[in-house]
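What follows is a single structure, written as structure tokens, with notes after it.
Here, each number is a calculation from the coordinates, and none is a lab measurement. A quick note: this is a predicted structure, and the numbers were derived from the prediction, not measured. Cβ sites come from the backbone with ideal geometry, for glycine too, and all protein chains shown count toward neighbours.
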Amino acid sequence: MNFLKTAAAAAISIALLSGCNDETIINNPVEPTPDSTHVRFGTYNLSFDRSSFEQLAAEMALTAPEQNELMEKWFDETLTEDELKVVEKVIQIRNVAAIIQTERPAVLMMGEFNNDGMGENQDAIKGFRLNYLAVPQNGLGTTSAEKKMLEPIQFAYSENFSTNTGLLSEFDLDRNGTVALPGDAWGFGFYHGQYAFGLLSQYPIDTDNIRTFQTFKWKDMPGETNPTITNCDDEKYSIPQGMKCGDEWYTAEAWAEKPLSSKNHVDAPILIPTADGEKVVHLLLSHPTPPVFDTLTQNNKLLNRAEIQFWSDYVSNADYIYDDAGVEGGLGLDASFVVMGDLNADPENGDGFLDSIKNLINHERVNVLATDGVYAPNSLGSTECYALGTCKENTYPDRVTSTFGLRVDHAIPSNDLNIIDSGVFWPASFEDGYMLMNDERVGKWGNGKDISSDHRLVWIEVEL
């Protein structure tokens, strides 16, 4: 029996019979307090990169009673092999939900939240909101025998976004002689929608004024050129037949069509009510390609740098920029913004080119107190990880946001936003919540994506 599909069908039936479905939250949201002056912005790579979008949607459709039944069997060690595969995903999703309920961001950029590629199917994001975030989770960890139940959290507004990941091009981008996924997608992915990102907000999203840059061409960024073969004498990687050292990697036709964004670049304005009227804050969302996995060229390093540089140029209102609707220009110089996402770049460490991330966090329009000052997000858990030798050496170990020892997840505010607090959710072994990211009984490794994510939730708090 395919337990996941059966449970998902049952979840839908129960919701319809009871009248308690996604629309309960979607159509009757808990609105934020109009006179609230503190807004918490969070970014979190959730590591929900399933083998298909349908798998993630089915996991999200499981109701709390169905999840509880599975968890009882997990504690009793009476699960079938099929049930164990499902319950380990439930543990991961519950732990991620508990982390969100603990830190309680009012706005959350969710990286690696798979969708249907176009961002049209809302099943997974609705299921996450209804069956996990709107249900009390154990703040000590889903697999903890002790309980510390957290207050549910609701987000009145959400958005999915189309993505280049898994979107098959018509070109042999990886030069292996065939056109197929994942190597010939505009952004790496085994299917269209893998590694996409979404947005949750307790404040209205100004959907009419969202700008996306999915089709902006890499060649149209000033100074960018077709990557060339630079690794010429590596025994592991041979130069494709008919090519030689120094050749441009992409054909002229492929380079003319190659998008800059490995997923998407999105400007999503939110509308925050204040005592002085409505405040607009532009959420600048992206998830650049990691600057690793290069073979003959420095393709990924170059693309990562360019994807980050795009935001520096955008907040400078560069005139070369155009969006998917053909509107030209960047962000107005008087606009408030927060750059949010797993940027796959640490300003001091790592394999990538560091100039673009350094330029961004120190940009003249950025509040550097929140990027390289007293409010740079940090945690005790990352410091402990470094001290124990399980995280690799880093210039600022307290600022690390990933299990691989780099500060890659960022929430970068404009300099007109007053930052009053910040943090990285990474409990040390002596703090509550440690089991939300560590339990050797779960999965193969008992940490990272097995238990929640290999990234940490990063947040900043703004006083308006």
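Of note:
- Under 27 Å from the Cα of Lys358 - lysines, other chains or at least 8 residues apart: Lys217, Lys219, Lys258, Lys263, Lys301, Lys392
- Cα-centred dipole magnitude for the chain, charges only on beta-carbon of K, R (+1) and D, E (-1), debye, nearest 20: 480
- Square roots of 5 times each gyration tensor eigenvalue, C-alpha, the range 157-294, largest first, Å: 38, 15, 12
- Using the alpha carbons alone, the radius of gyration of the range 317-464 stands to its Kirkwood radius in an Rg to Rh ratio of 1.03.
- Ignoring aspartates and glutamates fewer than eight residues from Lys147 along the same chain, the ones with Cα atoms less than 15 angstrom from its Cα are Glu72, Glu431, Asp432.
- Spin-label pair Ala64-Glu253: with each label point 7 Å from Cα along the Cα-Cβ axis, the two points sit 5.6 nm from one another.
- The alpha carbon centroids of the range 377-410 and the range 111-137 are separated by 29 Å.
- Exposed loop positions in the chain were taken to be GluC sites (Glu not before Pro) whose DSSP state is not H, G, I, E or B and which have at most 12 other beta-carbon atoms within 10 angstrom. Between these positions, the longest stretch is 236-363.
- A viscosity of 0.890 mPa s and a temperature of 25 °C, combined with the Kirkwood radius over Cα pairs in Stokes-Einstein, give a translational diffusion coefficient for the chain of 107 µm²/s.
- Sequence-separation-based contact order of the chain, relative, with Cα cut under 8 Å and 6+ spacing, percent: 17
- Those lysines that a straight Cα-Cα span of less than 28 Å connects to Lys148, excepting residues fewer than 8 apart in one chain: Lys73, Lys85, Lys89, Lys126, Lys444, Lys449
- Dimensions of the range 67-172 along the principal axes, based on C-alpha atoms and rounded to the nearest Å, stand at 52, 36, 20, largest first.
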